[in-house]
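Asker: The structure's right below; bear with me while I get my questions together.
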Amino acid sequence: MCCVCECVCVCVCVQQTETMAEETESGGPARGGPDRGGPREGVQPREKWDNKMEFIFSMAGEIIGLGNVWRFPYLCFKNGGGVFFIPYFVFLFFCGIPVFVLETALGQYTSEGGATAWKKICPIFQGVGLASQVIVTYLNIYYIVVLAWAIFYLYHSFKSPLPWSTCDNQWNTKSCHAAVNILVNPHLYQPDSNWSFLNNITTADFSVNLSHINETDLYMMADLPEEEFWINRVLRMSDDMSMTSINWDLALCLLIAWVMCYFCTWKGIKFTGKVVYFTATFPYLLLFIIFIRGVTLPGAGEGLRYYLTPDFSKIADPQVWCDAGTQVFFSYAVCQGVLTSLGSYNKYNNNCYRDCLALCFLNSATSIFAGFAVFSVLGFMAHGLDLSMSEVVASGPGLAFIAYPKALSMLPGSSFWAVLFFVMILFLGLDTQFVCVESLVTAITDLFPAYLRRPRARELLVLAITVACFLLGLPLISQGGIFLFQLMDMYGASGITLLFIACCETIAIAWVYGADRFYDNIEDMIGYKPFPVLKYCWLFITPLLCGFTMLYNLTQRHSLVIYGYSPGAWANVVGSILIITPLMCIPIFIFIPLCKNVSNMTTPSDDLRQVRPDKPILTLCNLVIFKAQAQPNSRDEEYTKVMMEEAKGPDHH
């Protein structure tokens, strides 16, 4: 009987050891958690990336998007050219990279999505994770509208001539003038010129009437076909700015965009990780082709000069620093929970620190390179129209859907270049969009694993999110939808919201959980300590920089005026709601632990591996600020023993 018992005990020990080794190999130490007694019947295990490149490409697809192309170059031009790089890199090194590393390492360490990771590591700050999911929901609703516009333009790019380059369409007004043709062909100003081909202009003395107007004034006075196509054909803006009159051709484009997004995410990261191989790399090829074409055009040098020439008087302007900070936070997708969700699918021993540094370098390099591609083409347009760069440069949708299409229409083979450009816009936005959807799905699944980690549950969840976001996005493509779009873009993922969340994240990790303890966690995962400056960024520099920038933002008045229309007081109300909604999550979920269990407000989950649980969680200048919070538990000792046995190998038994 004793022999039988001994055999049973040996078998149980061997089985436990093998289970823990498999868990370690597949992503981390053996952990307990809510289902410590074992997996529930029918509940599927949490997925992991098949390889590192899937993680790298997914992260690159998320952070490298439209902001690199239509926002960063414009901010450089607006804020002193090359001088803008100074505040940009200051915010990058002391805010962007520290928060980027923090969020990615947090996801990898906890193996949880953007919502539950914060609950696990610091219960009092679980509202930070939920706030980030509200912002991701905003992004999922309005960001994809840009893809709908891109699909609409892509469809019309196959027509020759390009429909936005002429004034003989039904959406054009009587004041429409193809200024490109007028200014590129100065011989048409001769008294005997025939102007009848210029759409609605039949006046014989047109050139006489323009004799006292220079070319720049004529350009500014004209209703250009590109603007009329955008306002009258795409947006179909009306005088009453109705939110109920839907543009159904845009609705079809929005539906196509959501169908593409759904089939990129419905099968989980095993499929998403394969899709990003194409969606994250193909835009680089297109951007490089556009860059090569751009720098070979006349006037490209002048455009690049305006892009890079430093204006050192701008360095003292606080708005320049504010623009740099908000651009870093937008471009690096921090405080949105996406980085945490993507990092949570890494294996426990992945070198996420090195990956983050490489991705940050790639993102900033892409932004700078995109500026060369954009300004070389805009310089060509300014040269052809004999205008200054300040009169042709635009930001946001104005760059992608008015200024750049105008420049492309001036090129030989304009339809080809238009197709190339809008395919690039489509893919730049698509991978960002479906990774945001993946992040939201991950967060919701981790909140309710017993129900959503079952066969076919994920497909239904993605379908529900897709349908809901599609319906909520329909008002954005109505006749007054551009106002809602700009409101969500300005306030939904606003600088104020992101900066406040960044302050909370760094305070939670550095001062509550403990910067030294988190450093030990990262060292345990990657095998060495990260650069020491990160610790002091989390403790002091990042929250202070973010705090001052947020306070400056609060002192500024932002008025929303689009194409001469102002939505009125209701816009401020909607904007305030968009800002307050995510931020409310933080105090609410601080109050909940206060009511439930005060003693457990700052205690991390006991299934998180702590290699040095008896070490102080925060020290400064060799002074202990906060002592150790927990003592070694049996699971950590058991895990360490298993790892030591594996390291010795069979010959040492």
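Asker: For labels at V43 and I368 in the simple 7 Å Cα→Cβ model, what's the distance in nm?
Answerer: It works out to 4.8 nm between the two label points.
Asker: Taking a threshold of 18 Å on the Cα-Cα distance, which of the pairs K48/K119; K119/K535; K52/K274; K120/K596; K48/K347 fall above it?
Answerer: K48/K119; K119/K535
Asker: In sequence order, what are the phi-derived ³J(HN,Hα) couplings for the range 224-240 according to the Karplus relation 6.51 cos²θ - 1.76 cosθ + 1.60 with θ = phi - 60°, rounded to whole Hz, with x for glycine and proline?
Answerer: Going residue by residue, I get 6, x, 5, 5, 5, 4, 5, 7, 8, 9, 7, 6, 6, 5, 10, 5, 8 Hz, with x marking Gly and Pro.
Asker: So which lysines can K314 reach, going by Cα to Cα under 29 Å and dropping same-chain residues fewer than 8 places off?
Answerer: K78
Asker: A further question on this structure: Using Cβ contacts closer than 10 Å as the measure, can you line up D614, D516, D249 from fewest to most?
Answerer: Exposure proxy ranking, most exposed first: D614, D249, D516.
Asker: At q = 0.13, 0.18, 0.25, 0.26 Å⁻¹, what is the log10 ratio I(q)/I(0) for the range 431-519, with the Debye formula run over Cα points and no solvent?
Answerer: Cα-only, vacuum Debye calculation for the range 431-519: -0.71, -1.02, -1.14, -1.17.
Asker: Sticking with the crude label model, points 7 Å out along Cα→Cβ, report the distance from E391 to K615 in nm, one decimal please.
Answerer: 6.4
Asker: I've got another one for you. Would you mind checking which residues have amide H under 5 Å from F626's amide H? H placed 1.01 Å from N; only 5 or more apart, or other chain.
Answerer: Here I617, L618 satisfy the definition.
Asker: Mind sorting V83, V462 by how few other Cβ atoms lie within 10 Å of their own Cβ, fewest first?
Answerer: Ranking V83, V462 by Cβ neighbours within 10 Å, fewest first, gives V83, V462.
Asker: Determine the gain in length on full extension of the stretch L460-I496; use 0.36 nm per residue of separation and subtract their C-alpha separation, reporting nm with one decimal.
Answerer: That pair, L460 and I496, stretches by 9.5 nm at full extension.
Asker: What FRET efficiency comes out for V533 versus T309 if R0 is 30 angstrom and r is the Cβ-Cβ distance? Round to the nearest 0.05.
Answerer: Efficiency, from the Cβ-Cβ distance: 0.40.
Asker: Still on this structure: What translational D, rounded to a whole number of µm²/s, comes out for the range 425-477 from Stokes-Einstein when the hydrodynamic radius is the Kirkwood one over Cα pairs, at 10 °C and 1.306 mPa s?
Answerer: The Stokes-Einstein estimate is 130 µm²/s.
Asker: To the nearest 0.05, what FRET efficiency results for S175 and V259 with a Förster distance of 51 Å applied to their C-beta separation?
Answerer: 0.85
Asker: Taking the Cβ of each residue in V234, V134, V377 as the centre, tally the other Cβ atoms inside 10 Å and list the residues starting with the fewest.
Answerer: Going from least to most buried by this count: V134, V234, V377.
Values quoted throughout were computed directly from the atomic coordinates according to the rules given, and no laboratory measurement underlies them. In this text, all values refer to a predicted model and were calculated from it rather than measured experimentally. FYI the Cβ positions are ideal-geometry reconstructions off the backbone, even for glycines, and counts take in every protein chain you see.
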